[in-house]
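Quick note: the coordinates plus some simple rules give every number you see, no bench work behind them. This structure is a prediction, so every number in the text was calculated from the model and none was measured. A quick note on method: Cβ atoms are made from the backbone with ideal geometry, for glycine too, and the neighbour counts reach across all protein chains shown.
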Amino acid sequence: MSSNNVKTWQTVITDYIDEVNEQDKVEKMKGAILATKLFDHLMTAKTEDDNQSKDLHKQLNKLKKLSLNERNLPKIKALYQEFVKNGWITSVDNTINAIKKMSDYYSVWINHALLQIDYVTPATHVAKLTHSSSGGSSIMDEIDDVQAGYLTTSALPHVIYDGAYPNASLSKIAKFLLLSVDGDPLGKLLKAGDSSPLKHIVADDNLADWTATFKQKLNPHPKADSLAKQVYFPVKDDYHLLVVLKPSSLIQAIYATYFFKDVRKARDKIYKQKEKEKYSPEVYQSLPNVATLATVMSQPQNVSVNNGSRGGNIRLFNSAPPVWQNQLKPPLHLETMFNARLLNRYAFDNIKQLRDLLLTFEKAEISFKDPNRLKGVRNWVKAIANNVIDYSQTLAILPAGWSANPECQLPIEQQIFLDFDRQDAEFNNVKRQSDWQGKLVKGFVLWLNKSLTGKDNKFISTNEHNRIWRDVFANILREHIDMLKMAYDEQSVNLDSVIDSHTADNTDNPKETTV
């Protein structure tokens with residue numbers, strides 16, 4: 001790292017520590033540092049005297065119950081002096097005096113942060129996003145593999161690292177580890193044992209030890225938690241995470257790109273221009289059916305640094321495939337087209353409305369033959385008949401002749417209706433000579449009656465009802481077939497004219513004929 005970058009790191013780190021503004025807590029920090037150093041040393045105490053062993057064990061239990069802070073420092077010092085006096089530990093007065101003499105605010109702050117850094121780490125996947133009370137390990141994705149068909153953290157051009165911590169009181173330590181100078185965050189460099197960011201801040205005689213401690217604490221043994229549903233499986237000298245954690249960096253990238261306040265304002269501005277039918281050079285992005293997942297009901301900063309910045313919400317895009325990607329398959333294995341899910345989905349609302357109307361008439365004991373009521377009934381039947389026509393037109397995009405497949409189980413009248421452009425001779429003879437339209441009308445009447453009857457059998461059609469169903473569908477079907485024939489005739493005329501034109505050209509210029 002160049003000297004210019006080292007200076008930049010020094011500026012970034014010292015500026016952040018200044019912003020935290022904890023100069024008035026220096027003595028408390030030094031007290032906590034000293035208490036921790038003494039605690040670690042006291043825990044190494046041992047004795048070969050059986051008479052003193054019981055007393056040592058009692059004193060160590062008392063020590064373990066103390067919080068390592070400036071308030072308990074006198075008690076810890078007293079235990080230290082007693083342990084030295086009894087010969088259970090060696091004296092570390094030089095270390096104690098060195099800590100007392102620490103005067104550089106930045107070194108004190110970093111040393112104090114080092115004491116609290118357990119399970120505080122820059123991460124791309126945060127365990128607490130699965131459950132806000134999870135104590136599981138968060139991880140940093142450092143995989144470089146990218147596959148075009150997948151949206152992954154490694155596919156991001158710029159990873160926005162998150163800061164994970166056991167509790168929100170340590171958020172300032174997490175933000176410290178997220179400091180960056182045109183590249184990887186401080187925590188990632190320290191995790192790899194890179195001491196250069198601290199070189200001009202920490203004294204040379206402490207730099208190696210502090211860097212080693214940072215590296216050790218930023219590479220903790222994986223910790224699972226049932227709330228995060230994590231399972232680590234041992235693989236050689238490492239562990240494989242069997243349950244994927246929520247990718248906070250990817251979530252943040254989506255938030256910053258599409259849902260950040262300024263982005264939403266810009267999108268709303270373009271939309272207002274569109275509503276007013278005014279020109280805008282900007283492309284308007286529509287985000288339909290976005291779902292919001294709340295990771296915590298209140299205080300989202302308790303989960304992670306980035307979770308606090310996005311209000312504790314994870315935005316989920318609608319992942320349903322576009323309609324154009326759906327594959328339309330011919331209804332070869334249906335015994336009747338009236339069992340097709342697509343047709344029944346088209347007609348569902350109209351059939352329900354007609355059934356409700358007819359049941360209303362029956363309940364009120366009034367005749368549906370009144371001209372106004374009859375007109376309403378016929379209109380609903382027309383809508384249902386048009387749903388059947390719509391279904392046939394949906395299948396019209398299939399290649400002509402699909403019904404010739406030996407596996408096709410549809411009645412011949414329905415094959416003609418749904419595959420009208422099929423051209424084999426036998427099929428055309430049936431289409432010209434049989435009453436296929438009459439059979440189709442009968443099928444429509446049976447299907448509509450069955451749909452109107454319903455599971456509760458509340459509606460039973462009469463001959464008068466059947467006549468209306470038959471007349472309405474027969475008229476609409478006739479109009480539809482006439483339009484199909486007209487379109488086919490026009491296509492044939494156009495094709496004949498193209499053939500005639502091509503023949504005339506060949507007659508006039510026989511040498512220019514190409515095959």
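Quick notes on this one:
- Just so you know, the Rg over Rh for the stretch 337-500 is 1.04, from Cα atoms, with Rh as the Kirkwood radius.
- Point-charge dipole on Cβ atoms (K/R +1, D/E -1) for the stretch 175-296, about Cα centre, debye to 20: 740 debye
- Added length on full extension, which subtracts the Cα-Cα distance from 0.36 nm per residue, A425 to E142: 95.3 nm
- Residue-by-residue Karplus 3J(HN,Hα) for the stretch 327-336, coefficients 6.51, -1.76, 1.60, Hz, glycine and proline x: 9, 7, 10, x, x, 5, 9, 8, 7, 8
- Taken one residue at a time, the phi angles of the stretch 266-277 give Karplus couplings (6.51, -1.76, 1.60, θ = phi - 60°) of 5, 5, 5, 5, 5, 5, 5, 4, 5, 4, 7, 6 Hz. Gly and Pro are set to x.
- Across the stretch 362-379, rounded Karplus estimates of 3J(HN,Hα) from the backbone phi angles (6.51 cos²θ - 1.76 cosθ + 1.60, θ = phi - 60°) give 5, 5, 7, 6, 10, 7, 7, 7, 3, x, 5, 5, 4, 4, x, 5, 4, 4 Hz, Gly and Pro being marked x.
- For the pair Y239 and Q81, label points projected 7 Å from Cα toward Cβ lie 4.3 nm apart.
- Net +/- balance of residues flanking V377 in space, Cβ distance below 13 Å, scoring K and R +1, D and E -1: +2
- Net dipole in debye of the stretch 1-143 [+1 Lys, Arg Cβ; -1 Asp, Glu Cβ; about Cα centre; nearest 20]: 600 debye
- Inter-label distance, E277 to Y106: 6.3 nm, where each label sits 7 Å from its Cα along the C-beta direction.
- The stretch between A192 and D49, if pulled fully straight at 0.36 nm per residue, gains 47.1 nm over its current Cα-Cα span.
- With K and R counted +1 and D and E -1, the other residues having a Cβ less than 15 Å from that of N302 yield a net charge of +3.
- Cα-Cα P(r), the chain, percent of pairs per 20 Å interval: 15, 28, 23, 18, 13, 3, 0
- Here r is the Cβ-Cβ distance between H200 and K58 and R0 is 45 Å; the resulting FRET efficiency, rounded to 0.05, is 0.45.
- Here the gap between A487 and K382, fully extended at 0.36 nm per residue and compared with their Cα-Cα distance, gives a gain of 35.5 nm.
- Farthest positive-ward along the chain dipole, Cα basis, beta-carbon charges - from I314, L63, F214: L63
- Judged by the mean number of other Cβ atoms found within 10 Å, the most tightly packed of the peptides 165-175, 262-272 leads the ranking 165-175, 262-272.
- Virtual spin-label span in nm between H158 and K369, 7 Å along Cα→Cβ: 7.9 nm
- Working from Cα pairs under 8 Å separated by at least six residues, relative contact order for the stretch 337-500 is 25 percent.
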